[in-house]
Amino acid sequence: MEMSFDFSAFQKNLRHLIDSHGLTVKGLAGEVNISHITISRYLNGHREPELKYVLALAQYFRVSIDWLLGFNDDRYEVLPQESRELITLFNKASPDDRRVVGAVLSKYREEN
């Protein structure tokens, strides 16, 4: 019995990651040691992703494999629960509150 899977969520999520990180397909290819042609074929839906490449991409972008493939909406599953909660709360904060948090955290950046 042959199973098929719709990789459109993978295509969309990968495109989002590339764009949001200001990368080009060639630039990403060099970073993760995957041919730019292979990545282009993934984005165009002309090739199904190989597991080793899905793993490499998830590691590079620090996202969960399940999110990258479209199985769930928890993009940061690879992070500890406490870190995921902080990200969620920060994303809900107003711009003014984000500036306050940024000012507090900058103190710790300077210490390191």
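Taken together, the criteria place Thr24 among residues that are modelled with pLDDT of 90 or more and of a type in the set (S, T, N, Q). Considering the range 96-109, the residues that are aliphatic (A, V, I, L, M) and either open to solvent by 70 Å² or more (accessible area, probe 1.4 Å) or within 22 Å of the chain's Cα centre (by Cα) (or both) include one that is nearest to Arg62 (Cα to Cα), namely Leu105.
A search for C-beta distances below 9 Å between a residue of the range 85-96 that is in contact (Cβ under 8 Å) with a residue 40 or more places away in the chain and any residue that is open to solvent by 100 Å² or more (accessible area, probe 1.4 Å) and part of a helix (DSSP H, G or I), counting only pairs 6+ apart in sequence or on different chains, returns nothing.
The values are calculated or read from the model by the stated rules, or taken from the named source; none is laboratory data. Since the structure is predicted, the reported quantities are computational estimates derived from the model, not experimental observations. All Cβ positions, glycine included, derive from the backbone under ideal geometry; neighbour counts span all protein chains shown. Remember, those area values only see protein heavy atoms, side chains included, never the ligands or the DNA or RNA. Shrake-Rupley method; radii C 1.70, N 1.55, O 1.52, S 1.80 Å.
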